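Worksheet for the structure shown next.
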Amino acid sequence: MSIDWDIQLFPELASTQDLCKELAVGGGPEGTVVQTFSQSGGKGRHGRAWISAPGNLALSFILRPGCPVSSVGQLSILTGVAVAQTVGEAARVKWPNDVLIDGRKCAGILMDSGLKGAWLEWLVVGIGVNTASAPKMAAALHVDRDGFRDGLLDNISKFYAAFRQDGFTNIRDEWLGRTYSKGTALNVGDFETIDNLGNLIVRDGQNRLKTISAGDVFIKDQDYAAGD
Ligand code: BTN
């Protein structure tokens, strides 16, 4: 079943993520989308700021997947795949969910969740896409912002329906088809794969497999590093 999107547009906001979280906590339904044309206090991962220039896409939406907390990593990978597919054939993904063009970040994803015991009560997914312009070291797509948004929401809906019906396997394969090749040297070890929960698996210097579930990961010796 596709998501019934309800897009709420705001000319200016501090952060779509903050407003959308408030709506989620207040019981806002799955499919609520908060979009702004001008974001003054955009939030990135690991407490960083996210700069959204005019013309860039900034939105957050509510999901209520009714899944165990352990599914957050899968939904994060799913979102990265949906964004990459909207960007097009040339888009690549960097764990956990950055989307790159020519090795430079063109979109970032932030996930916040509300829990009920071991279950996800809500998930707020925030997506920033450099549709018009990009900060230094990042990439811009030069595409129509709202056209991109509509394609993106369709893709989220499609992958979310597939996830609920068939599970994570196909989404994982899509992600693996767009990421580093096996053995790529990352700051946390050599890339091996992602597991069935969306964790990163790397091989360390002693040839042991290590599972990484959080943190900044980048290709060694590349200076776009965290990709902001
Ligand atoms: C990252 O790569 O660090 C994640 C960036 C996420 C930015 C988006 S823009 C829309 C939404 N609102 C925010 O304040 N942040 C996210």
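No lab work stands behind these numbers, since they all come straight from the coordinates. All of these numbers come straight from a predicted model, not from anything done at the bench. FYI the Cβ positions are ideal-geometry reconstructions off the backbone, even for glycines, and counts take in every protein chain you see.
Numbers at a glance
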item	result
Residue 176-residue 222 FRET efficiency (beta carbon distance; Förster radius 22 Å; 0.05 resolution)	0.65
Within region 42-58: backbone nitrogen closer than 16 Å to the residue 210 label point (7 Å, Cα to C-beta)	none
Cut-off of 10 Å, at most 13 other beta carbons, DSSP loop: longest stretch of the chain lacking such GluC sites (Glu not before Pro)	90-228
Estimated vicinal HN-Hα couplings, Hz - region 167-181 in sequence order (Karplus 6.51, -1.76, 1.60; Gly, Pro = x)	x, 8, 3, 5, 5, 4, 4, 4, 5, 5, x, 10, 10, 3, 7
Low-density loop cleavage sites - trypsin sites (Lys or Arg not before Pro) in region 142-228, where at most 11 other Cβ are within 10 Å (DSSP)	182, 208
Residue-averaged [θ]222 nm for the chain, counting only DSSP H segments that reach four residues, each worth -39500 (n - 2.57)	-8000 deg cm²/dmol
